[in-house]
Amino acid sequence: MPSVVCIFSCPKRSLISGLFKWLGTGYKKIWTEYSGIVELGIDVNKVSISKPDADGVVKITIPDAEMLDVDLDEESMSEPLTDTGFMTEITKEEETAALAEAQDNMEETAQANGALLVQAKERAKNLIEGYVKNVGEQIGEEYTVEWVEIE
């Protein structure tokens, strides 16, 4: 499983001036690593399969692949490493916000990876085509699949 690393910075305004402003007062950083699973596939409700024509051609309409689920493996999470300025601490709310930001980033990264989406669609096509051909064999017919893309 791929690991996701999150660095979350939370600047904090401080009224402290003079010597303390040079000691890093106010900055906060969280570093955590975890594994996550992003499920990609097609919406089967948008798939349509025609009856075979006289030549045994079955037309199948299939949508593009999409993200179906994002799951964070909580057991894989490392203890957050933190770095803060002088006289600052990271709150539980900030840790939660950092985790939510990392999960959103994982979703965006998967959604932007066109190669993964193409691979998911090809796998779906292979499964559907295998099913159609097996059904044909069971009834003594030989089917050829023709793909129709949803626009």
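Going by what's in this entry, would Ile37 be described as modelled with pLDDT of 75 or more and either closer than 30 Å to Ile139 by Cβ or of a type in the set (S, T, N, Q) (or both)? No.
Does Ser9 qualify as being at pLDDT below 65 and either in contact with a Lys or Arg (Cβ under 6 Å, 6 or more places away or on another chain) or basic (Lys, Arg) (or both)? Answer is yes for this residue.
Rundown of residues vs (1) of a type outside the set (A, V, I, L, M, F, W, C); (2) touching a Phe, Trp or Tyr at 6+ places or on another chain (Cβ under 8 Å); (3) at pLDDT below 95; (4) closer than 17 Å to Gly41 by Cα, yes/no style:
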| residue | (1), (2), (3), (4) |
| --- | --- |
| Leu99 | no, no, yes, no |
| Asp104 | yes, no, yes, no |
| Gln111 | yes, no, yes, yes |
| Gly114 | yes, no, yes, yes |
| Leu117 | no, no, yes, yes |
| Ala120 | no, no, yes, yes |
| Gly130 | yes, no, no, yes |
| Asn134 | yes, no, no, no |
| Tyr143 | yes, no, no, no |
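Only one entry of Asp55, Asp64 meets the criterion of being at pLDDT 85 or above, within 18 Å of the chain's Cα centre (by Cα) and assigned to a loop (DSSP other than H, G, I, E, B), and that entry is Asp64. Apart from one condition, Glu94 fits all of (1) part of a helix (DSSP H, G or I); (2) at pLDDT 80 or above; (3) among the acidic types (Asp, Glu); the exception is (2). Within segment 97-133, the set of residues being farther than 19 Å from Ser48 by Cβ, of a type in the set (S, T, N, Q) and part of a helix (DSSP H, G or I) comprises Gln103, Asn105, Thr109, Gln111, Gln119. Residues that are of a type in the set (Asp, Glu) and within 23 Å of the chain's Cα centre (by Cα) were ranked within segment 95-144; the one that is nearest to Val38 (Cα to Cα) is Glu107.
The values are calculated or read from the model by the stated rules, or taken from the named source; none is laboratory data. From a predicted model like this one, the values you see are computed outputs, not experimental measurements. A quick note on method: Cβ atoms are made from the backbone with ideal geometry, for glycine too, and the neighbour counts reach across all protein chains shown.
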